[in-house]
Amino acid sequence: MISEEQEFGDAVYTSQCAVSTHCENLKLDVAPIIGRSILDDTRSLTETTCHTCCHGDLCNANCSASTQYRLKKDCKDLRNTNQASGVYAIQLEGSQEIIDVYCDMTTDGGGWTVFQRRVNGSVDFFQNFSSYENGFGNVHGEFWMGLKYIHWLTSTAQSELRIDLMAADRSTAYEVFPNFRLSASPNYTLHVDKGHGTAGDSRGFSFSNGRVFSTLDHEKSVDCSRYLYEAGWWYSTCAWAYLNGKYFLPGTIFQGGEIKGVFYHEFKEYEMLKETKMMFRRI
């Protein structure tokens, strides 16, 4: 949700959206959302978009259907006119819902929609199923987008997944997985093909292909989220890649027993990683 305090630079945009007195008092109209995305004359904004932008119950009744702007549907849709990585507003295709997403516009041609990011342990990933379904954290920092949004965005078009990793010594690796998608609620089953890249995938993320998403209160695996790893993941007795674990001091090495940290076995075995990023892009 966009707030009154956010700034969008010096760009000026106009709109046919006749806002109510309530919206005028908030000093908001449709312009901030447009500034967050890109101009496009192909489709009108919905009344719900106007309402969301204005934060007011009176906005719907005063939103003109002649508004000639629309939000983009994902980061690839934004790529042609937005070169900088950052947070953008998108409107889910076939829906009136607007969400903030982080777009990586520089890696391998850009257009990646980031759905998971770990950088410093500021966000606790030991969350319940509802939190994993709806998303948590700060899209400007550490966050999890939300299973329902990942499903929505990967169910309408063929997508590829990319995982980027950084170790304590700042060495990096990546892996790209074709045909990435999640099934619908309540299982959010992972579907992904074998990966290719520098991180490795003989014992990597694709080991979890075909597994449902499990959390402590939504246990679908063999007790991995309860007794071993604790956070939500696609466990498969249990995992060779686990990026939602507890954030330990990067470089810490676990040897046997319970392994609850952030690791990718084929890259650094059970050494705790410094940074991770998971993102997808339409083909």
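The values are calculated or read from the model by the stated rules, or taken from the named source; none is laboratory data. All figures in this text were calculated on a predicted structure; none of them were measured in a lab. We place every Cβ from the backbone using ideal geometry, glycine too, and count neighbours over all the protein chains shown. Only protein heavy atoms, including side chains, enter the accessible area calculation; ligands, DNA and RNA are left aside. Shrake-Rupley method; radii C 1.70, N 1.55, O 1.52, S 1.80 Å.
Summary of values
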{"read-out": "HN-Hα J in Hz across region 129-136 - Karplus 6.51, -1.76, 1.60, θ = phi - 60°, x for Gly and Pro", "value": "5, 4, 5, 5, 6, 9, x, 7"}
{"read-out": "Positive minus negative residues near residue 74 (Lys, Arg vs Asp, Glu; Cβ under 9 Å)", "value": "+3"}
{"read-out": "Set 73/260; 73/277; 194/260 screened for pairs whose C-alpha atoms are more than 31 Å apart", "value": "73/260"}
{"read-out": "Average accessible area per residue (Å²) across region 69-174 - probe 1.4 Å, nucleic acids and ligands excluded", "value": "39 Å²"}
{"read-out": "Contact order relative to length of region 131-184, as percent, for alpha carbon pairs under 8 angstrom and 6 or more apart", "value": "31 percent"}
{"read-out": "Region 72-126: C-alpha gyration tensor shape, a/c 1.5 cut-off, then a/b vs b/c", "value": "oblate"}
{"read-out": "Simple Cβ-charge dipole of region 58-214, Lys/Arg +1 and Asp/Glu -1, about Cα centre, in debye nearest 20", "value": "160 debye"}
{"read-out": "Cα convex hull of region 97-177 - mean projected area over all directions, nm²", "value": "6.3 nm²"}
